[in-house]
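Here is the structure we will look at.
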Amino acid sequence: MKRPAFYILLSLLALVILFESAQQLFYLRRYDLAADVHFLDIVQLQTIRWLIWALLGVPLFYFVRKINAGEASYWSRFFRYSLLISGLVITAIILVAIYEYDWSEGYQSEFFFGEFVTFFLFQKTPFFTLGYIALIWVLSLYWENERLQVQVKKLADLLAENEDLVHQLPSRPQPNEQLLTVKSGGKYQVVRLQTIEYLEADDYCVNIHLEDGKKYVMRITLKALEEKLPEQFIRIHRKYIVHLKYVTAFDPEEQRLLLQSTSSLAVSKSKLKLVRTYFAGEQIRSAD
């Protein structure tokens, strides 16, 4: 673990030790349980307890990395961490009880478990449990950061190895191919916009005419569909929208457009100026 994270954990542990020591001293003074006990004595005792907790937590550095590196589900990780924390807390409490038990008077299991272990179960379980949860959380973030840094390093190395290929990429992004989904005969057909020759209004439906002669019917108004089309499509009549790519000729006298499929579509008076402008070259449009 890097030094800043280690120092933060060490500082938090020191604060917990001081807080518990001050809390214990308050109760001893408040209820006159041990007048001859000093604050530094309590700090020393709490330090040893938390030192036992910390030494038992060392294996977490390995287990957290192993568990997080796997493909286990959220609940599987939760179950594993719950068992791990429970085992560590119980072991820490028993070791603390062993350390503070007065062995000079001999071992009495009833007194050891009934007094010492029970007392520390109530006193230390919440603190030790929260401590291990916090440690696991910090270690999880640390190992995830390490994993991401490795991935970034690999990507950087890959970019450096293929720098020549990167410079050969087009400087301008290429537009994604645009598609239109049409329901036909109970099925959905995907139509490429670049294959649509023109669209024809038919009441509350639109007839979609493709370059290969196929026709699909879409239940939508021509106006609603017009708003979704790119600029290669222009409205030439209340009934027609054409794809400029397939326009082959314009007859200004007859006011009609001739398309690649030899279809001849009328141009309305309101759209005549737009069509004239396009063919006069005053407005340049890209058909692709």
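The values are calculated or read from the model by the stated rules, or taken from the named source; none is laboratory data. This is a predicted model, so every value here is computed, not measured. Methodologically, a virtual Cβ is constructed for each residue, glycine included, from the backbone with ideal geometry; neighbour enumeration extends over all protein chains shown. Areas reflect the complete protein model, heavy atoms only, side chains present, ligands, DNA and RNA absent. Shrake-Rupley method; radii C 1.70, N 1.55, O 1.52, S 1.80 Å.
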The equivalent-ellipsoid semi-axes of the chain, taken as the square roots of five times the Cα gyration tensor eigenvalues and listed largest first in whole Å, are 82, 22, 18
In units of 2.2 N^0.38 Å, the Cα radius of gyration of segment 187-288 is 1.03
Both in Å, the radius of gyration and Dmax of the C-alpha trace of segment 36-95 are 15.8, 56
Membrane-span-like helices (DSSP H runs, Cα span along own axis at least 30 Å, mean Kyte-Doolittle at least -0.5) in the chain -> 3-30, 74-100, 118-161
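May I ask you to give the percent of accessible area on the chain that is carbon plus sulfur, with a probe radius of 1.4 Å? Intermediate results must be reported in sequence, preceding the final value.
Numbers: 11730 of 19760 Å².
Summing carbon and sulfur atoms, their accessible area is 59 percent of the total for the chain.
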Scan of the chain for chymotrypsin sites (Phe, Trp or Tyr not before Pro) in DSSP loops with at most 10 other beta-carbon atoms within 10 Å gives a longest site-free stretch of 108-203
Dividing the surface of the Cα convex hull of segment 1-151 by four yields a projected area in nm² of 11.1 nm²
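Taking a 19 Å limit on the Cα-Cα distance, which of the listed pairs K214/K269; K187/K245; K223/K245; K214/K245 fall beyond it?
Details: K214/K269 29 Å; K187/K245 28 Å; K223/K245 21 Å; K214/K245 17 Å.
In this structure, K214/K269; K187/K245; K223/K245 exceed 19 Å between Cα atoms.
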At q = 0.12, 0.18, 0.23 Å⁻¹, the log10 of I(q)/I(0) for segment 52-138 from a Debye sum over equal Cα scatterers comes to -0.43, -0.79, -1.07
What the 5 Å binned alpha carbon P(r) of segment 120-165 shows, as percent of pairs per bin from 0, is 5, 19, 12, 13, 10, 9, 9, 6, 6, 4, 3, 3, 1, 0
